[in-house]
Amino acid sequence: MEVFSDELGIIVYAPALVGEDRRTLAIIHGMEGALPGLRLGWTLSEKEEFIALPHRDEWVTANKIDGGFPFLCNDDKNRPVTLTGWENPNGLAARSPPHFEIHGSLHLDEAGIAAATNVLAAIGEGACAFWGHATPSNAAVEISRQTRDPVRKPGIPPRGLPVLKLAEHMRSPEIPHRLGWLNYWSAAAARAIGFPEPALDAELLSRARRTATGGWVVRLTDAPLDLDNPAHLDALKRAYERFPEIGGRSTP
């Protein structure tokens, strides 16, 4: 499906699926429950035509592919909502095993923005994830350019943002590789980066929500992150300064 500039992209990183793992349906049902009226009851043909899935859960269970689940969507190309997942053979940290990635999107309209925190929390909790984020597509592209390596990915990050390391330089899979607009941190991830520290994190805590498993969803800015907005760019830089573990920057 086409990527829209008014899209909120969601990426969540979790342990790989094993056996008859029920997390796939928990993720799908969780996303539907978090966005009122959402039904992920369709997929797309190669011609990007909607294919209805009247027995969606059974279809998903029978069509496990690439260690994940096939592409799902609503039936509205003007306000698309999508979800899929696969196993990434690479580890999230040095010497760590393959992991499960869940990719989704919401339309950045009033309803999508209002539901975004609940959607990210539902996916993160359903996946038993390490960490994840939900970020407007334009900002996400620039943030992805922060990850640099002198040999494999040379260059300078945009807008004075800090250099983030490749996954192979991370000390544990719980450490987030980057920040986003909304950040899902499991309880283990929050401990790994030192959040929350009440004396330091009052502003972030004012926009944070605790999850049922003791993790957090932390919103960097009230409105969706826009790096052309100096206040938003400053908020992103301040958050990186606060959490030097993110992106492996505290690792020699």
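The values are calculated or read from the model by the stated rules, or taken from the named source; none is laboratory data. For clarity, every value in this text was computed on a predicted model and none was experimentally measured. Ideal geometry is used to build each Cβ from the backbone, glycine not excepted, and the neighbour counts take in all protein chains shown. Please note that ligands, DNA and RNA were not included when accessible areas were found on the heavy atoms of the full protein model with its side chains. Shrake-Rupley method; radii C 1.70, N 1.55, O 1.52, S 1.80 Å.
Quick one: which of Arg238, Arg207 is out of contact with any helix residue (DSSP H, G or I) (no Cβ under 6 Å at 6 or more places or on another chain) and either at pLDDT below 95 or surrounded by 14 or more Cβ atoms within 10 Å (Cβ to Cβ) (or both)?
On the way: Arg238 fails: either at pLDDT below 95 or surrounded by 14 or more Cβ atoms within 10 Å (Cβ to Cβ) (or both).
One residue alone meets the criteria, Arg207.
Tell me whether segment 100-115 contains one or more residues that are open to solvent by 60 Å² or more (accessible area, probe 1.4 Å) and part of a strand (DSSP E or B). The answer is no; no qualifying residue exists. The number of residues in segment 116-136 that are more than 18 Å from Pro173 (Cβ to Cβ), open to solvent by less than 10 Å² (accessible area, probe 1.4 Å) and part of a helix (DSSP H, G or I) comes to 4.
Here Ile193 meets each of (1) in contact with a Lys or Arg (Cβ under 8 Å, 6 or more places away or on another chain); (2) aliphatic (A, V, I, L, M); (3) over 20 Å from Ala116 (Cα atoms) with one exception, condition (1). Is segment 137-147 home to any residue that is without any contact (Cβ under 8 Å) to a residue 40 or more places away in the chain, in a loop (DSSP other than H, G, I, E, B) and open to solvent by 50 Å² or more (accessible area, probe 1.4 Å)? Yes: segment 137-147 contains one or more residues that are without any contact (Cβ under 8 Å) to a residue 40 or more places away in the chain, in a loop (DSSP other than H, G, I, E, B) and open to solvent by 50 Å² or more (accessible area, probe 1.4 Å).
If you go through segment 165-184 and keep only what is within 13 Å of the chain's Cα centre (by Cα) and open to solvent by less than 30 Å² (accessible area, probe 1.4 Å), you end up with Pro176, His177, Leu179, Gly180, Trp181, Leu182, Asn183, Tyr184.
Listed by first and then second residue, the pairs with beta-carbon distance under 9 Å, at least 6 apart or on different chains, first residue in segment 183-209 and farther than 17 Å from Phe130 by Cα and of a type in the set (Ser, Thr, Tyr), second in a loop (DSSP other than H, G, I, E, B) and at pLDDT 95 or above, form an empty list.
Checking each residue in segment 42-67 for being in contact with a Phe, Trp or Tyr (Cβ under 8 Å, 6 or more places away or on another chain) and either aromatic (Phe, Trp, Tyr) or modelled with pLDDT of 95 or more (or both) picks out Trp42, Thr43, Leu44, Phe50, Ile51, Ala52, Leu53, Val60.
Report yes if Asp75 is surrounded by fewer than 21 Cβ atoms within 10 Å (Cβ to Cβ), assigned to a loop (DSSP other than H, G, I, E, B) and modelled with pLDDT under 95, otherwise no.
In short, no.
Can Ile51 be described as without any contact (Cβ under 8 Å) to a residue 60 or more places away in the chain and part of a strand (DSSP E or B)? Yes: the conditions hold for Ile51.
Remark: pairs (first residue in segment 19-34, closer than 20 Å to Ala115 by Cα; second residue open to solvent by 20 Å² or more (accessible area, probe 1.4 Å) and small (Gly, Ala, Ser); Cβ separation under 6 Å; 6+ apart in sequence or on different chains) = Gly30/Ala122; Met31/Ala122; Ala34/Ala122. Within segment 97-127, the residues that satisfy the criterion of being in contact with a helix residue (DSSP H, G or I) (Cβ under 6 Å, 6 or more places away or on another chain) and either under 17 Å from Ala26 (Cα atoms) or of a type in the set (Asp, Glu) (or both) are Ile102, Asn118, Val119, Ala122, Ile123, Gly126, Ala127.
Taking the condition closer than 22 Å to Leu53 by Cβ, touching a Ser or Thr at 6+ places or on another chain (Cβ under 7 Å) and among the aromatic types (Phe, Trp, Tyr), does Phe71 pass? Quick ask: steps written out before the conclusion?
Details: closer than 22 Å to Leu53 by Cβ: yes; touching a Ser or Thr at 6+ places or on another chain (Cβ under 7 Å): yes; among the aromatic types (Phe, Trp, Tyr): yes.
Yes; evaluated as a whole, the condition is true for this residue.
Just one residue in the set Glu101, Glu125, Glu87, Glu142 is at pLDDT 95 or above, more than 11 Å from the chain's Cα centre (by Cα), under 30 Å from Gly160 (Cα atoms) and among the acidic types (Asp, Glu); that residue is Glu142.
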